[in-house]
Amino acid sequence: MKKYINQYRTETIRGENNKKIRNIIYTGDYYKITKEKTARKEFFISAVLFMALHFAAGLLNTPSSRMFYVVLPYAILFFPGIYFVMGAFTFNRASEKMEFPTYEKSIVRLRRSLRGMIWGLGYLMIAETIFMVIRMVQSGLEGHEWLREGGFLVICAVNFALVIRNKRNIDGVEFTILPSSKN
């Protein structure tokens with residue numbers, strides 16, 4: 001929380017029995033979000049769906065997933081995915097009038113994680129497609145391999161579409177900066 005230390009001030013007052021009571025008062029700007037609550041829940045549901053599909057794609061035993069160039073970005077996508085779930089959860093639970101730390105832990109976190117997932121999923125789909133073409137030219141893919149490789153590619157494509165949709169939605173979130181009431 002040292003990052004947000006300038007957003008708060010501490011005030012000490014005397015309470016009952018001459019006890020010192022420390023009050024922490026927020027002095028930063030507020031961010032008023034105009035997105036309705038149902039649209040916020042969509043981010044959270046979409047984040048959970050992304051992680052479920054991404055986990056399902058990892059359970060498919062595909063030859064390409066045994067190759068380093070596919071496994072590495074697949075594994076790395078868990079970090080922005082978890083970051084996305086955390087941001088969506090905070091955004092879903094936040095009030096209409098957010099303090100700067102809450103804004104940063106929700107909106108900013110969502111935007112950053114979505115950018116990372118776009119790059120990671122894009123790379124993963126390109127690598128999977130190249131792998132399928134090479135395998136098809138070299139030895140051909142058997143029926144069950146086609147099914148697993150195609151399933152993996154379809155899951156990645158669905159996730160990519162979800163991420164693009166969420167990126168547009170989060171970029172469309174309107175907010176106004178309200179000045180703080182510095183007491």
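Of the residues contained in region 164-177, none is found to be open to solvent by less than 30 Å² (accessible area, probe 1.4 Å), of a type outside the set (S, T, Y), at pLDDT below 85 and more than 18 Å from the chain's Cα centre (by Cα).
Checking the stated criteria, I107 turns out not to satisfy the condition of being in a helix (DSSP H, G or I) and free of Cβ contacts under 8 Å to residues at least 12 places away in the same chain. Taking each residue of region 56-75 that is surrounded by 12 or more Cβ atoms within 10 Å (Cβ to Cβ) and looking for partners that are modelled with pLDDT under 75 and part of a loop (DSSP other than H, G, I, E, B) with beta-carbon atoms closer than 9 Å, six or more apart or interchain, yields P63/L141; V70/T62.
G140 meets all of the listed conditions (1) more than 24 Å from Y83 (Cβ to Cβ); (2) free of Cβ contacts under 8 Å to residues at least 24 places away in the same chain; (3) open to solvent by 60 Å² or more (accessible area, probe 1.4 Å) but one, namely (3). Scanning region 143-163 for residues that are surrounded by fewer than 12 Cβ atoms within 10 Å (Cβ to Cβ) and modelled with pLDDT of 75 or more yields a single hit, A161.
The residues of region 143-181 that are part of a helix (DSSP H, G or I), without any contact (Cβ under 8 Å) to a residue 24 or more places away in the chain and under 30 Å from A39 (Cα atoms), listed by number, are V154, A161, R168.
The values are calculated or read from the model by the stated rules, or taken from the named source; none is laboratory data. These numbers come from a predicted model, not from an experiment. Virtual Cβ from ideal backbone geometry, glycine too; neighbours counted across all protein chains shown. Note: accessible area is taken over every heavy atom of the protein model, side chains too, but ligands, DNA and RNA are not part of it. Shrake-Rupley method; radii C 1.70, N 1.55, O 1.52, S 1.80 Å.
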